[in-house]
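The values are calculated or read from the model by the stated rules, or taken from the named source; none is laboratory data. These numbers were taken from a predicted model, which means no experiment stands behind them. Neighbour counts run over all protein chains shown; Cβ positions are idealised from the backbone, glycine included. Heavy atoms of the whole protein, side chains included, go into the accessibility calculation; ligands, DNA and RNA do not. Shrake-Rupley method; radii C 1.70, N 1.55, O 1.52, S 1.80 Å.
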Amino acid sequence: MSVMTTALRDSLKTLRLSGMLETLDARLTQAQKGELGHLDFLQVLCHDEITRRESVALERRLRKAKFEQQATLEGFDFGASPKLPAAQIRDLAALRWLHSGESVILFGPVGVGKTHVAQALGHQAVRQGANVRFTRTSRPLAGLAGGHADRTWDRRMRELIRPDLLILDDFAMRQLSAAQADDLYELVSERQAGP
């Protein structure tokens, strides 16, 4: 390793360009073989860094979404539930509804794949750069109830409003108390109003 390479590695570390750092040896080899000119070398290193950052951001958004499983529409067996409107679900995957600020309600009998489809739509949104949060409806309602008790309701509500897409699974599986119904109404209203 030359002094220049060591200095370059130190600079990349200082600038937090680990994507470039990870591929530097391979790119230097390509340049030394004459496969990359000066500008090509720099462009390829920049692309390596962009790719790494996009990958890290995607992983971070997937973790924050808290999906129960990494479901995708590509992995969904529409043949197993022939009554499901496959064409409509595929249209939902274009996420026009998300970009126009609309909501989607998936309903049907237990076991047809609503949770899988909801998580798959959320996964698609994450891949397009959206911040998503998946949760069972009872959890945020319990959290908001706790917020009433410890006076953190506003903060808890802001956390639920923040994601671009909030997926409430098992919606209306249990009868809501009056306080839960009020909290759910406030949540839906605040999300519609926007941040």
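In the chain, the sites counted are GluC sites (Glu not before Pro) in DSSP loop states with at most 16 other Cβ atoms within 10 Å, and the longest stretch holding none of them, exclusive of the sites, is 103-195. The order of the peptides 125-132, 93-100 by mean Cβ neighbours within 10 Å, most packed first, is 125-132, 93-100. Comparing mean-square fluctuations of Arg53, Arg174, Arg156 from a GNM of the chain with C-alpha springs under 10 Å, the top value falls on Arg174.
Would you kindly give the portion of the calculated P(r) for region 131-195 that falls above 16 Å, as a percent of all Cα pairs? Value for region 131-195 (Cα pairs over 16 Å): 41 percent.
Hey, what number do you get for the chain at 222 nm if only DSSP H runs of n ≥ 4 count, each worth -39500 (n - 2.57), divided across all residues, to the nearest 500?
That calculation yields -19000 deg cm²/dmol at 222 nm.
Two tests apply to each whole DSSP H helix in the chain, Cα reach of 24 Å or more along its axis and mean Kyte-Doolittle hydropathy of at least -1.0, and the ones passing both are 38-65. Solvent-accessible surface of the chain, taken per residue with a 1.4 Å probe and all protein chains present: 66 Å². With q set to 0.11, 0.13 Å⁻¹, the log10 of I(q)/I(0) for the chain, from the Debye formula over equal scatterers at the Cα positions, is -0.68, -0.81. Just checking the listed ones, Leu184, Leu24, Leu73: in the Gaussian network model of the chain with Cα springs under 10 Å, the one fluctuating most is Leu24.
Here is the size of region 36-96 from its Cα atoms: Rg then Dmax, 18.7, 58 Å. Largest mean-square fluctuation among Asp169, Asp150, Asp182, in a Gaussian network model of the chain whose springs join Cα atoms under 10 Å apart, belongs to Asp150. Taken as Cα centroids, region 167-190 and region 35-66 sit 40 Å apart, rounded to the nearest whole angstrom.
Using a 1.4 Å probe over the heavy atoms of the protein chains, calculate the carbon and sulfur portion of the accessible area of region 50-195 as a whole percent. That share works out to 53 percent.
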